[in-house]
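**Student:** I'd like to ask some things about the structure below.
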Ligand SMILES: Nc1nc2c(ncn2[C@@H]2O[C@H](COP(=O)(O)OP(=O)(O)OP(=O)(O)O)[C@@H](O)[C@H]2O)c(=O)[nH]1
Ligand SMILES: [Mg+2]
Ligand SMILES: [Zn+2]
Ligand SMILES: [Zn+2]
Ligand SMILES: [Zn+2]
């Protein structure tokens, strides 16, 4: 076993099957996982699996290292290294990753983030607020603050209900950024919000996450979806790998590929209401106290709050839909 | 396990008579089934529009009468429009107008109509409750009953 004084500490900026880009002092080291970490992992996730080949695939399914992880690694020289230890995480943003024929694994999307930027386009594709609620709940469960970023504001006239819909979230207290990557609208305010912290972009494919990164830091020159009629907001993903970038103005930003499936990981049905900030104050006020599911129980304080227009019926419906999943 | 009575989506158990009601469109002929085909009671599930399932009230809704909805559908058989059920929420008193489903019991509909003759809805200027029995019978059974 390696001792810590032989190893360096770096941060994982990128990863692809079995390889991790670890950054230390502005230099990138291409690392693999130590066999000890491998074994630990295989033991952890698939005691039942017998074949080594399958086990390696397993590593890919439930990778113990996430982008954003602080790791210890042994520098092998010539830009290569071996990760020997994953340091404790400050936070982790997770989702379930179902593997056909096996159980569901936890996929840590990003480790040690400070905030989540949920990205939706004003139009093309039009926002799915139910998905936003999913992201917000996931962030709340991770203990991370969220910001709502609406891109493609140049197309806002195509979405008549945008302002009204956003008002729901403004009232709850989520900060909202209206931006346009082509005109630069909202860019400076967003930069301020990103300054000095590590942020992660989440949003469906085609909403303009990568375009936004390029607009925030023109030097990045990341590949975005080519403009083609009918194609926008659908189908193929342009960004295929999760990747973290250092921002010139201070801070770090993680670009993610559009995630089609976004389930809730490790959230109990009883805890769900507490992850909706506007429902939280009503918990425990119901006739059936903490055992209330807030569906159709008599004397439910949350339903009463919805009826009194203190809580948006759309948010309440999201709560019920998510609850059915848990 | 999902509790049928508690569910806001899909099949449900009638809060009034206890019958298990299928939300399958093929059985009812309507897209959003809120009321029980046997007793015609409903549940306050919709808020802004039929089928939105955005209401947090969820109390029982009593069928109070019938009304005619002017039909915009050119294939509609009746030139007068479509016979609709009027429900009032037993809790928040909101009123809703609902399409009659193919499997709703016509005798119970007639019963609702006859009961409705005995009282007034407080916002009857907004919704015109049918008062003409011949017309209701014609709509329900497709014929006039001789006096
Ligand atoms: N009109 C308009 N189009 C934009 C804007 N920002 C991005 N787009 C277009 O939206 C499309 C998708 O942009 P991307 O940045 O690749 O989207 P993404 O969210 O990174 O997508 P994935 O990488 O697949 O997850 C591209 O055709 C962009 O040109 C904007 O502000 N206004
Ligand atoms: Mg992208
Ligand atoms: Zn409750
Ligand atoms: Zn019934
Ligand atoms: Zn009601």
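Where a number appears in this text, it was derived from the coordinates with a stated rule and is not lab data. This is a predicted model, so every value here is computed, not measured. Neighbour counts run over all protein chains shown; Cβ positions are idealised from the backbone, glycine included.
**Student:** So between residue A:102 and residue A:291, what do we pick up on full extension, going 0.36 nm a residue minus the alpha carbon distance?
**Tutor:** The span from residue A:102 to residue A:291 would gain 64.8 nm if fully extended.
**Student:** Just tell me how shielded A:306-312 is by partners: mean number of partner chain Cβ atoms within 10 Å of each residue's Cβ, no decimals.
**Tutor:** Averaged over the peptide's residues, the number is 2.
**Student:** Helix A:129-141 versus the longest principal axis of chain A: what is the Cα-based angle in degrees, 0 to 90, to the nearest 10?
**Tutor:** 60 degrees
**Student:** With a cut-off of 8 Å between alpha carbons and a minimum separation of six or more residues, what is the relative contact order of chain A in percent?
**Tutor:** Here the relative contact order equals 14 percent.
**Student:** With N set to the residue count of chain A, report its C-alpha Rg divided by 2.2 N^0.38 Å to two decimal places.
**Tutor:** Rounded to two decimals, the normalised Rg is 1.08.
**Student:** Right, here's the next one. Please compute the volume of the convex hull spanned by the alpha-carbon atoms of segment A:109-255 and report it per residue in Å³.
**Tutor:** Expressed per residue, the convex hull around the Cα atoms of segment A:109-255 is 109 Å³.
**Student:** To make sure I understand, if each residue's beta carbon is the centre and we count other beta carbons within 10 Å, what order do A:120, A:245 fall in, fewest to most?
**Tutor:** The most exposed by this proxy come first: A:245, A:120.
**Student:** On average, how many beta carbons from a partner chain sit within 10 Å of the beta carbon of a residue in B:49-56?
**Tutor:** Taking the mean over all residues of the peptide, I get 4.
**Student:** Moving on to the next point. Whole Å is fine, so just give me how far the alpha carbon centre of segment B:31-52 lies from that of segment A:267-324.
**Tutor:** 22 Å
**Student:** To continue, here is another question. Measure off 7 Å from each Cα along the Cα-to-Cβ vector at residue A:220 and residue A:36, then give the distance between these two points in nanometres to one decimal.
**Tutor:** It is 3.6 nm.
**Student:** Can you show me the helix-derived [θ] at 222 nm for chain A, built from DSSP H runs with n ≥ 4 at -39,500 (n - 2.57) apiece and divided by the number of residues, rounded to the nearest 500.
**Tutor:** My calculation for chain A gives -7500 deg cm²/dmol from helical runs alone.
**Student:** If you don't mind, another one. May I ask for the angle, rounded to the nearest 10°, between helix A:35-45 and the longest principal axis of chain A, with both axes built from Cα atoms and the value confined to 0 to 90°?
**Tutor:** The answer is roughly 40 degrees.
**Student:** Is the shape of segment A:269-325 best called rounded, prolate or oblate, per the rule: a/c under 1.5 gives rounded, else a/b larger than b/c gives prolate, else oblate, with a ≥ b ≥ c the square roots of the Cα gyration tensor eigenvalues?
**Tutor:** It is rounded, given that a/c, with a ≥ b ≥ c, falls under 1.5.
**Student:** Please rank B:110, B:117, fewest neighbouring Cβ atoms within 10 Å first, as an exposure proxy.
**Tutor:** By the 10 Å Cβ count, ascending: B:117, B:110.
**Student:** I've got another one for you. Label segment A:97-157 by shape, choosing from rounded, prolate and oblate, from the square roots a ≥ b ≥ c of the eigenvalues of the Cα gyration tensor; if a/c is under 1.5 it is rounded, and otherwise prolate applies when a/b is larger than b/c, oblate when it is not.
**Tutor:** Because a/c hits 1.5 or more and a/b fails to exceed b/c, segment A:97-157 counts as oblate.
**Student:** Shifting gears a bit: Once R0 is set to 56 Å, what does the formula 1/(1 + (r/R0)^6) return for the Cβ-Cβ distance between residue A:158 and residue A:6, expressed as a FRET efficiency to the nearest 0.05?
**Tutor:** My answer for the efficiency is 0.45.
**Student:** Quick check: pseudo-label points 7 Å beyond the Cα along Cα→Cβ at residue B:93 and residue A:241, how many nm apart are they?
**Tutor:** If labels sit at residue B:93 and residue A:241, their model points lie 6.6 nm apart.
**Student:** If you don't mind, there's one more thing I want to ask. Given a Förster radius of 41 Å and the C-beta distance between residue A:27 and residue A:167 as r, what FRET efficiency does 1/(1 + (r/R0)^6) yield to the nearest 0.05?
**Tutor:** Efficiency, from the Cβ-Cβ distance: 0.30.
**Student:** With angles folded into 0 to 90 degrees, how steeply does helix A:313-325 sit against the dominant principal axis of chain A? Use alpha carbons for both and round to 10.
**Tutor:** Taking Cα atoms only, the helix is inclined about 50 degrees.
**Student:** List A:174, A:20, B:48, A:135 from most exposed to least, where exposure is judged by having the fewest other Cβ atoms within 10 Å.
**Tutor:** The most exposed by this proxy come first: B:48, A:174, A:135, A:20.
**Student:** Still on this model: By the gyration tensor of its Cα atoms, with a ≥ b ≥ c the square roots of the eigenvalues, what is the shape of segment A:112-193: rounded for a/c under 1.5, prolate for a/b over b/c, or oblate?
**Tutor:** Oblate is the answer for segment A:112-193, as a/c is 1.5 or above yet b/c matches or exceeds a/b.
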